[in-house]
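Enquirer: Before I ask anything, let me first share the structure, which is written out below as structure tokens.
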Amino acid sequence: MTQQHNHIYDAVVIGGGAAGFFGAINIVERHRSASVLIVEKTSQVLSKVKVSGGGRCNVTHQQLPLKTFAKHYPRGERELRSLLQEFSSTDIQKWLEEKGVLLKTEADGRMFPESNTSQTIIDCFTKEIQKKNITVKTSCAVINVCKKDNLFHLTTSEGELRTKYVLACTGGSPNSNHYNWLKELSQSITPLYPSLFTFNAADHLLKNLAGVALPHCRIRIRNSKLEEEGPLLITHWGLSGPAVLKLSAWGAVELAERQYSFDALIAWDHSFTEASLKEKINALIKEQGKKKIHNTSIDPVPKRLWELLLLQSDIDEEQTWNNVSQKKMNKLIEHLMSYPLTVKGKTTFKEEFVTAGGVSLKDVHLHSMESITIPGLHFAGELLNIDGITGGFNFQAAWSTAFIAAKNIVTSLNKK
Ligand SMILES: Cc1cc2nc3c(=O)[nH]c(=O)nc-3n(C[C@H](O)[C@H](O)[C@H](O)COP(=O)(O)OP(=O)(O)OC[C@H]3O[C@@H](n4cnc5c(N)ncnc54)[C@H](O)[C@@H]3O)c2cc1C
């Protein structure tokens, strides 16, 4: 880095992820002669983009009214309303379209590149970086940042850097050391928790049903107000699927405080209530009272799960609908609408995990993503105390915040 030693950059972007690349490109898009450097501590840039969305990159979610869109963020909902106003899901779609990348929308609103591969996004960003002469320095970790005489001085693993503006895009981590350089600048960091994880259940009876998926369950946490609906997947280690991931996001703080030890209560269909199940069961007794209960499950419970629920309700294979005792039927109803599963621990492996917590939004100007206490220092992406549920919401937060930060850096550069 000797050649760069004396150079004063217009902006140094810390972190070569989604927010960092998008921010850097947007600075030069608005200020062609700006000298911008991206520093990335690992040897690979855009590594999360690469693996995101199962290798397909769920770039964003289809446009919704802004208030509704913002409701998908357990942390940052209120702030997102104004951030999305400035740069929305439609805006990233248009931006990518102008660069030749078309997105497609899936039935649940998630948007992916038409090519079905995250490489398309990486190729697009890489091309823009080259076209705009943005320098990317990999294997270079920023260790410390200080501001002297209106310039930022960055201590990195590869030497010193000087710049007029900093765009911090270092991503999230539940490890507080990740934010040390910011704490040294007295930037306040809210408590950190993992979000978007699946539930572990040691030796659970459902284990033999690994792979069974239910289209629309309701899961509650015992002794809590936490409740979510959506598709559910039984895994060999516990529970997964969108309903669980959503619950983990909304319950990120509460479940951490319980040390991930709690009872999940599952209704195998969101419509199951005591009254609705009694009605269905009475109809089945009427229609096929002499038939074996094992042979007809209540929709949409798959046969393998149905057999387990009967077993756990002490209803044996030979029993017919009309000779099951009321007590056993009540037990079955209980298992259909409130099946208890003891959760001990969580798993983030391969999931779209994110960090809840980070740079406090109270210390950031939302119109510019600039630090209130350290003018010139800007933030974008997951290092902020913003996180969404799955569905493209986390990348959207990265695009919106990076766009706003870039725009403000350019406004400031133009004033100098
Ligand atoms: C497996 C997986 C799949 C996902 N899929 C999706 C999806 O499909 N859709 C979606 O919306 N969200 C998804 N997410 C979440 C999304 O990837 C993140 O929210 C997003 O990448 C955040 O972007 P970022 O630029 O803020 O941080 P990151 O992408 O984490 O980038 C931060 C970069 O900064 C670098 N860095 C950190 N500290 C330093 C330092 N001191 N000096 C220099 N460099 C540093 C890191 O090495 C990293 O490269 C997924 C997450 C995971 C883990």
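None of the figures in this text is laboratory data; all of them are computed from the coordinates on show. Remember, predicted model here, so these are calculated numbers, not experimental data. Using ideal geometry, Cβ is built from the backbone for each residue, glycine included, and neighbour counts are taken over all protein chains shown.
Enquirer: Give me the one-decimal nm value for the distance between modelled label points at T138 and N150, 7 Å along each residue's Cα-to-Cβ direction.
Expert: My value for the distance between the label points is 3.7 nm.
Enquirer: Follow-up. Between beta-carbons, use under 9 Å as the cut-off and find the net charge around G230, counting Lys and Arg +1, Asp and Glu -1. The partial results should precede the final answer.
Expert: Numbers: positive: R218, K246; negative: E228, E229.
For residues surrounding G230, the net value is 0.
Enquirer: Give the long-range amide H neighbours of G171: residues separated by 5 or more places, or on another chain, with amide H under 5 Å away, using H modelled in the peptide plane at 1.01 Å from N.
Expert: E382, L383
Enquirer: With charges only on Cβ, +1 for K and R and -1 for D and E, what is the dipole size of the chain about its Cα centre, in debye, rounded to 20?
Expert: Details: 49 positive and 42 negative charges, 81 e Å.
Charge dipole of the chain: 380 debye, to the nearest 20.
Enquirer: How large are Rg and Dmax for the range 197-351 when calculated on the C-alpha trace, in angstrom?
Expert: Rg and Dmax of the range 197-351, Cα atoms, are 16.0, 50 Å.
Enquirer: Taking the Cβ-Cβ separation of D263 and S33 as r and a Förster radius of 45 Å, what is the calculated FRET efficiency to the nearest 0.05? Let's see the in-between values first.
Expert: Numbers: r = 61 Å, r/R0 = 1.35.
So, using R0 = 45 Å, E works out to roughly 0.15.
Enquirer: Each residue of the range 379-384 in turn: what ³J(HN,Hα) in whole Hz from Karplus with 6.51, -1.76, 1.60 and θ = phi - 60°, glycine and Pro shown as x?
Expert: 10, 8, x, 6, 5, 7
Enquirer: Next up: Percent of Cα-Cα pairs per 20 Å bin, from 0 to the last occupied bin, for the chain, please list those.
Expert: The distribution over the chain is 25, 46, 21, 7, 0, given as percents.
Enquirer: Now for a different question. Given the rule -39500 (n - 2.57) for each run of at least 4 DSSP H residues, summed and divided by the residues of the chain, what is its mean residue ellipticity at 222 nm, to the nearest 500 deg cm²/dmol? Display every interim value, and only then the final one.
Expert: Working: 13 runs with 140 residues, N = 416.
Counting only the DSSP helices, I get -10000 deg cm²/dmol.
Enquirer: Here is a further query. Ranking L245, L209 by Cβ neighbours within 10 Å, fewest first, what do you get? Working shown, then result.
Expert: Values: L245 23, L209 16.
Least crowded to most crowded, the residues run L209, L245.
Enquirer: So if I take the centroid of the Cα atoms in the range 241-260 and the same for the range 360-416, what is the distance between those two points in Å?
Expert: 26 Å
Enquirer: For the range 108-172, restrict the atom set to alpha-carbon positions and state the Rg and Dmax in Å.
Expert: Over the range 108-172's Cα set, Rg and Dmax evaluate to 16.6, 51 Å.
Enquirer: Next question, about the same structure. Pairs K50/K104; K137/K164; K207/K280: which are spaced more than 22 Å apart, C-alpha to C-alpha? All intermediate terms of the calculation are to be shown ahead of the outcome.
Expert: Details: K50/K104 18 Å; K137/K164 18 Å; K207/K280 28 Å.
The answer is K207/K280.
Enquirer: What's the magnitude of the charge dipole for the range 92-247 around its Cα centre, counting Lys and Arg as +1 and Asp and Glu as -1 at the beta-carbon? Answer in Debye, nearest 20. Provide the component values of the computation, followed by the final result.
Expert: Numbers: 19 positive and 15 negative charges, 64 e Å.
Dipole about the Cα centre, nearest 20: 300 debye.
Enquirer: Which percent, nearest 5, of DSSP beta bridges in the chain are antiparallel?
Expert: On the way: 47 of 64 bridges.
Percentage antiparallel, nearest 5: 75.
Enquirer: Okay, next question. From the phi angles alone, apply the Karplus equation (6.51, -1.76, 1.60; θ = phi - 60°) to the range 85-94 and give each ³J(HN,Hα) in whole Hz, x where the residue is Gly or Pro.
Expert: Each residue of the range 85-94 in turn: 4, 7, 8, 9, 4, 4, 5, 5, 4, 5 Hz.
Enquirer: May I pose another question? Determine which aspartates and glutamates satisfy two conditions relative to K416: a Cα distance under 14 Å, and not lying fewer than 8 residues away in the same chain.
Expert: D10
Enquirer: Ok, one more. Put +1 on the Cβ of each Lys and Arg and -1 on the Cβ of each Asp and Glu in the chain; which of L247, S115, L37 then has its Cα farthest toward the positive end of the dipole?
Expert: Final value for the positive-end residue is L37.
Enquirer: At T68 and L209, where each label point lies 7 Å from the Cα along Cα→Cβ, what is the point-to-point distance in nanometres?
Expert: Those two pseudo-labels are separated by 3.3 nm.
Enquirer: When the dipole is taken about the Cα centre of the range 197-351, and only Lys, Arg (+1) and Asp, Glu (-1) are charged at their Cβ, what size is it in debye, to the nearest 20?
Expert: Numbers: 21 positive and 19 negative charges, 20 e Å.
That gives the range 197-351 a dipole magnitude of about 100 debye.
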